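Enquirer: Dropping the structure in here first, questions after.
The values are calculated or read from the model by the stated rules, or taken from the named source; none is laboratory data. Remember, predicted model here, so these are calculated numbers, not experimental data. For neighbour counting, all protein chains shown are included, and Cβ atoms are generated from backbone atoms with ideal geometry for every residue, glycine included. The protein model used for the area step is the full one, side chains on, heavy atoms only, and it has no ligands, DNA or RNA in it. Shrake-Rupley method; radii C 1.70, N 1.55, O 1.52, S 1.80 Å.
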Amino acid sequence: MTSTLPVPEPHQSDSANTDANSLSWEEELDSAIFSFEDIQTELNYKQAQTALRSLVANLDLTPQEKTGLEMEIADLETMLGKLDRMVIQIAAFGMVGRGKSSLLNSLVGQTVFETGPLHGVTRAAQRVNWSISEEAIGETERALRVTLPGVGQSQVELIDTPGLDEVDGATRAALAEQIAKQADLILFVISGDMTKLEYMALSQLREAGKPIILVFNKVDQYPEADRMAIYHKIRDERVRELLTPLEIVMAAASPLVKTAIRRPDGTRGIQLRTGNAQVEELKLKILEILHREGKALVALNTMLYADIVNEQLVERKVMIREENANQLIWKAVMTKALAIALNPLTVVDILSSVVIDIALIVGLSKLYGFSMTEAGAVQLLQKIALSMGGIGASELLANLGLSGLKTLLGISATATAGATFGPYISVAITQAGVAGVSSYGIGQVTKVYLANGATWGPDGPKAVISRILANLDETSILNRIKDELLYKVKLKK
C-alpha cells in the first residue's frame, strides 16, 4: 500500500520558528528533500528528467512491438511522473504479524493502512481526502497504495506489501522485482530474531541495490535485557554480511500499555491499551538518508529502473525486427532463386538479381526505420558486393557460365524431344542456389548494418562483412533453397 504524505512548502527560516520540535514530520521530510544547495545535484536531476522524457517520447515501437509490453511502457511513464512530482517511494517488507501496517500508520500520523489481513478486505476507491489503489504482484497478490494529496513541492509514498509468508517463492521474487526496484528506500520489518525466510528475503532485496533500513519492531514486548540480546544477535550474526549497524533501528509502532482499571463490581484489574508510537529513531534515520541523498537518490533509482525497462523494450524490438528481417530476407532469396531458375536469358538473369537485391535493401531499411532511396540502396549494394569477395564472384560466374549453359539446354530441349530438360533443371537449380546464397549474405549484412544505426562501426565494412560471412552455413542455405525450388517446380508441373 502506498501513502503519499501531504507536504507543505519548505521551511524558510529557522528564526521564524524557534521551537524545532514544532516542525511536523511532513515538514521535515519536505525540508530534507529540498534543502539542497549543490548545483550539480540539481543539474543531474534535470538531466534525468530530460533523458527519461526523451525516452518516453521516442520509443519508436510499432503496434506489433508494443504487444505484451504495455505494462513496461506504462512503468516508464510512471517513472517520469515520479521525477516530475518529486516523489520519494518507501516500501515496507516483512512477514505477517510484524507490524508493517502499524509502522506505516505511525509515520503517516493517521490510520490509513488497515492493520488486519490484506486478503478478503473490501476497500473503497476513495475515502474522504485520500484514495487507495492496488498494484498486482504475481498472479494473485497485490501491494496497496494510499495517496494523500500533497500541497508542497515533494511527496513521500509509503508502500505496504503482502506478508512474505503469505506468498510463494515466485511472488516474493516478483515483489523484489516490481516493488523494490521502483522504491527509493526499503524498510524491512521484523519483530524478533530473524527467521531463515526473513534472511532469504532480505538477501534478495539487497540485490536490488537500494538503501535498506532493518526495523526491529514491537520492542515494547520484550524486557530490556531480552530486547538488547536479540538486537545484538541480529546485528552481529544474522545480518553482518548484509547491513551495517547504522542501518538497523528499533521501534514500537503500536505499543501496548498496561493501565489499572476499576471494574463495575468494584474490583481492580489491568487493561492493555495502545500507547503512543515510538518511531522517532526510524523517522530520524529516514530524514538522514533524505538529507544525505535526496534528489540524487530519486534520480538515480528512477533512471536505474527506467534503464531496466528500456532494456526489455529494446530486446523485444530487436527480436521482432530480427524475425521480420529474416522473413523478408528469405522471401527475397526465394524470389531471386525462382526468377533465376525459370529465366533462360543471361542478361535478364543478372538484371533481375540486381533489382531483387535493391528491393531487399530498401525493404530492410524501412523495417529498421531508415529512409533509403533506390540510389542509396544501389550504393550500399555496391559496397557490400565489393566486400563480399567470394560469394559475389561465385554468383557472377554462375550467372555468366551456368546461364549460358542453361540457355543452350533450353534451346535444344525442343530438338531433343525434351531429353535435355532434366539437365536444364539441374543447372537452373544450381544457378538459383548460388544466387540465393548471395542474396542471403547481402540481406544479413544489410540487417547488421541497419541494426547498428546504418553504420559499419570502428572496424569498417570489410571486417564486419567478413565476420558475418564466416558464420554463414552456405551448404545448409543452398540445400534449403534447392528443396524449396524443387517443391515449387513440382507444383508448377
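Enquirer: Can you give me the solvent accessible area of Lys331 with a 1.4 Å probe, rounded to the nearest 10 Å²?
Expert: Probe radius 1.4 Å; accessible area of Lys331 about 140 Å².
Enquirer: If I model a spin label as a point 7 Å beyond the Cα along the Cα-Cβ vector, how far apart are those points for Gln64 and Glu166 in nm?
Expert: 4.3 nm
Enquirer: Here's something else I'd like to know. Shape verdict for the stretch 266-311, please, from the Cα gyration tensor: rounded (a/c under 1.5), prolate (a/b greater than b/c) or oblate.
Expert: Oblate.
Enquirer: In a Debye calculation with equal point scatterers on the alpha-carbon sites of the stretch 290-331 and no solvent, what is log10 I(q)/I(0) at q = 0.24, 0.28, 0.31 Å⁻¹?
Expert: -0.77, -0.86, -0.92
Enquirer: How compact is the stretch 197-252 by the rule of thumb for globular proteins, expressed as Cα Rg over 2.2 N^0.38 Å?
Expert: Output field value: 1.15.
Enquirer: Arrange the residues Val189, Val96 by how much accessible surface each exposes, largest first, with a 1.4 angstrom probe.
Expert: Per-residue accessible area, sorted high to low, gives Val96, Val189.
Enquirer: With a 1.4 Å probe and all protein chains kept in place, how much accessible area does His291 have, in Å² rounded to the nearest 10?
Expert: 100 Å²
Enquirer: Okay, next question. Using the structure shown, list the pairs from Lys66/Lys383; Lys82/Lys283; Lys66/Lys447; Lys82/Lys447 with a Cα-Cα distance above 27 Å, or answer none.
Expert: Lys66/Lys383; Lys82/Lys447
Enquirer: Rounded to the nearest 0.05, what FRET efficiency do Lys258 and Glu224 give with R0 = 25 Å and r taken as the Cβ-Cβ distance? Could you check?
Expert: Efficiency, rounded to the nearest 0.05: 0.95.
Enquirer: Right, another one. For the stretch 217-375, what value does the Rg/Rh ratio take when both radii are computed over Cα atoms and Rh is the Kirkwood radius, given to two decimals?
Expert: Using only Cα positions, Rg/Rh for the stretch 217-375 is 1.51.
Enquirer: At 0.36 nm per residue, and after removing the present C-alpha to C-alpha distance, how many nm does the segment from Thr335 to Met200 gain when stretched out fully?
Expert: Here the segment from Thr335 to Met200 would lengthen by 42.8 nm.
Enquirer: Provide Ser352, Ser466, Ser438 ordered by accessible surface of protein heavy atoms (probe 1.4 Å), highest first.
Expert: Ser466, Ser352, Ser438
Enquirer: A 25 angstrom limit on the alpha carbon distance is what I want to check against. Which of Lys46/Lys285; Lys295/Lys317; Lys100/Lys258 exceed it?
Expert: Correct reply: Lys46/Lys285; Lys295/Lys317.
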